[in-house]
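Down below is the structure, laid out as structure tokens.
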Amino acid sequence: MFVKIPKIIQRIYPSITWNKKSDQKEIWLTFDDGPDPKATPWILKTLKEKEITATFFLIGEKMEEFPELVQKIKKEGHTIGNHSYSHINGWTCNTKKYIADVTKCQALMPKNYLFRPPYGKITRKQINKLKNLYNIVLWDIMAFDFQKNIKPQKIQNNIIQNINKGSIIVLHNNEKSYANIKPILSETIEKIKKSGFKFSSTW
């Protein structure tokens, strides 16, 4: 897999938002897979300290399990997006089942209709069914914070060395990634700010 998604892949799937077209030095920080009782409060605390907002792509099952965390994300001004109800893999299930799972999650969502496919895996048929209903958002920087043996400094380098105007950065809001991003999230945000970039969660 690539840290920086090649332009040729982005051109093959033009219906997907890979980055935001912006003349300003803005970036979009996103977190997948929550809410999580350990990771989410810490991420929210860090974002509040740094006075920035982010986008949280949430799993429906976890939203139902931890509704108080969903409300906290909303209350603190962050954007919420759909990450399916059961973290379903689009490459291994039929389109009808996939759409039903996304729709079930959307019933728990604000009316912003942002959707990120779990694992980044979605078929052309699924895209065609969803593209007129949702802004299908992937990313142009994958930090690989979910990898088991990755060093936190490598995660930070993956972000800092690849950032551009309009970059969409994906990190993960779960227990597995928590230990990897805890040492570097605050410092990474500060480095991005010092490079002149601002953080947006407006789509």
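The values are calculated or read from the model by the stated rules, or taken from the named source; none is laboratory data. Because the structure is predicted, anything quoted here is derived from the model rather than measured. Cβ coordinates were reconstructed from backbone atoms using ideal geometry, including for glycine residues, and neighbour counts include every protein chain displayed. SASA here: full protein model, heavy atoms, side chains in, ligands and nucleic acids out. Shrake-Rupley method; radii C 1.70, N 1.55, O 1.52, S 1.80 Å.
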Long-range amide H partners of Asp140 with built H, under 5 Å
Ile168
If one computes the Cα centroid of the range 90-120 and of the range 147-192, what distance in Å separates the two points?
25 Å
Divide the volume of the convex hull of the Cα atoms of the range 85-203 by its number of residues and quote the answer in cubic angstrom per residue.
126 Å³
Measure of size requested: the Rg and Dmax of the chain, with Cα atoms as the atom set and Å as the unit; please supply both.
15.9, 46
Could you give me the ³J(HN,Hα) list for the range 12-18, computed from phi with Karplus coefficients 6.51, -1.76, 1.60 and θ = phi - 60°, whole Hz, x at Gly and Pro?
5, 10, x, 7, 9, 7, 9
Of all DSSP beta bridges in the chain, antiparallel share, percent nearest 5
5 percent
Modelled label reach - Ser15, point 7 Å along Cα→Cβ, the range 65-95 residues with backbone N closer than 15 Å
90-91, 95
Please report, as a whole percent, how much of the solvent-accessible surface of the range 1-102 comes from carbon and sulfur atoms (probe radius 1.4 Å).
54 percent
Summing -39500 (n - 2.57) over the DSSP H runs of n ≥ 4 in the chain and dividing by its residue number, what mean residue ellipticity at 222 nm do you reach, to the nearest 500 deg cm²/dmol?
-10500 deg cm²/dmol
Per the C-alpha gyration tensor (a ≥ b ≥ c, the square roots of its eigenvalues), the range 1-98 is rounded if a/c is under 1.5, else prolate if a/b beats b/c, else oblate; here it's oblate
Accessible area of the range 1-96 divided out per residue, in Å², using a probe of 1.4 angstrom:
51 Å²
Length added when fully stretched, Lys182-Gln161, from 0.36 nm per residue minus Cα-Cα:
5.6 nm
Along the Cα→Cβ direction, 7 angstrom out, place labels at Asn132 and Gln153. What is the inter-label distance in nm?
5.2 nm
Two-site label geometry, His87 and Arg124: point separation in nm, points 7 Å out along Cα→Cβ
3.0 nm
On a 26 Å Cα-Cα criterion, which of the cross-link pairs Lys131/Lys193; Lys38/Lys97; Lys129/Lys154; Lys72/Lys182 come out too long?
Lys131/Lys193; Lys38/Lys97; Lys129/Lys154
Could you tally the net charge around Leu114, taking each other residue with its Cβ under 13 Å from the Cβ of Leu114, Lys/Arg +1 and Asp/Glu -1?
+3
Is the shape of the range 20-60 rounded, prolate or oblate, going by the alpha carbon gyration tensor and its root eigenvalues a ≥ b ≥ c, with a/c under 1.5 for rounded and a/b larger than b/c for prolate?
oblate
Relative to the present Cα-Cα distance, how much length would full extension add between Phe2 and Asp23 at 0.36 nm per residue of separation?
5.1 nm
Would you be so kind as to identify which of Val102, Gly120, Leu138 lies farthest towards the positive end of the dipole of the range 88-203, taking Lys and Arg as +1 and Asp and Glu as -1 on Cβ and the Cα centre as origin?
Val102
